[in-house]
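Values in this text are rule-based calculations from the coordinates and carry no lab data. Note that this is a predicted model, so its numbers are computed, not measured. When we count neighbours, we look across all protein chains shown, and the Cβ atoms used for this are built from the backbone with ideal geometry, even at glycine.
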Amino acid sequence: MYGKRSRFLTIMLTLGLAFFYIPMIMLVIYSFNYSKIVPVWGGWSLRWYNELFQSQEVWEAVSLSLQIATLNATFATLLGTLAALAMVRFGRFKGRTLFGGMIVAPLVMPEVITGLSLLVFFISLNELIGWPAQRGFTTITIAHITFSMAFVAVTIQARLTGMGQDLEEAAADLGAKPFKVLTAITLPRLTPALVSGWLLAFTLSLDDLVIASFVTGPGANTLPILIFSRIRLGLRPDINALATIIILVIAVCVAIAAILMLRQQRRDLRDQQLAAGEG
């Protein structure tokens, strides 16, 4: 019985991975296709990579997306950390339930509703105070911070709840001031969650299409918007080349992260062995 179950799980896992990775492999292969018609194979070529690197429009979109994603991740991590600290470390306070509900609301809110509400908000602000004069970099960044902050807050809140307050209370008993406890005890222990939250916010911003399409304006196309607009006019092989480069960058980053984690695990294991030997 156990053998049949194990075989079934292996088959399902294989099919799932194949369903996910085979399209990516096909995309990479067709990025080297010489033919202008994507489904028609015309031989191996770097033609579309050359056109891609010469496309100013694409690299302007890449630059805009990276700038927005970096600012969004930084401010979302800062605000999300403050929100998580308020929920976990400040105990019961007036309006805590409402505050907690407002933090998690963007997690379940459809992106269409979020994007539409932010669009109405920016239009109303423009009519009232004349800002923003036009929608683009600033409005997209604010919109991304608004929804990605919730993901960061939930991530850090879970970490704060799990790590307890023993060390913080001990430091306070020894005379450490609250700010010193925060910077010397709490934040260093939160580092993995902070990094995870920053990367999550960065990825959400870089990947967002729906919300950005509502709050952007002429001449401010992020990379997802650019790719979507080109696909609507028909598949172009240079999009395959761009997607292949993105896949390569992600694969390299994952490999580096895996190597660093493996080295850290070996270092921790060696330290534990040395501590056990000295004991």
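Taken as Cα centroids, segment 10-60 and segment 69-112 sit 39 Å apart, rounded to the nearest whole angstrom. Remark: the chain projects, on average over all directions, an area of 24.0 nm² (convex hull of Cα atoms). Derived from the Cα gyration tensor, the three semi-axes of the equivalent ellipsoid of segment 150-198 are 22, 10, 8 Å, largest first.
Relative protection proxy for 246-255, 81-90, from highest mean packing down: 81-90, 246-255 (other beta-carbon atoms within 10 angstrom). For the residues Ala170, Ala220, Ala76, a GNM of the chain with alpha-carbon springs under 10 Å puts the largest fluctuation on Ala170.
Rank the residues Met12, Met149 as a footprinting-exposure proxy: fewest other Cβ atoms within 10 Å of their Cβ go first. All intermediate terms of the calculation are to be shown ahead of the outcome.
Details: Met12 10, Met149 24.
If I rank by nearby Cβ atoms, fewest first, I get Met12, Met149.
Under 1.5 on a/c is rounded, so check that first for segment 1-84, then, if it is not, pick prolate when a/b is larger than b/c and oblate when it is not; a ≥ b ≥ c are the square roots of the alpha carbon gyration tensor eigenvalues. Oblate is the answer for segment 1-84, as a/c is 1.5 or above yet b/c matches or exceeds a/b. On a per residue basis, the convex hull of the C-alpha atoms belonging to segment 166-258 measures out at 149 Å³.
Is segment 50-95 best put as rounded, prolate or oblate by its Cα gyration tensor, with a ≥ b ≥ c the root eigenvalues, rounded for a/c under 1.5, and otherwise prolate when a/b is larger than b/c, oblate when not?
Prolate, because a/c is 1.5 or more and a/b exceeds b/c.
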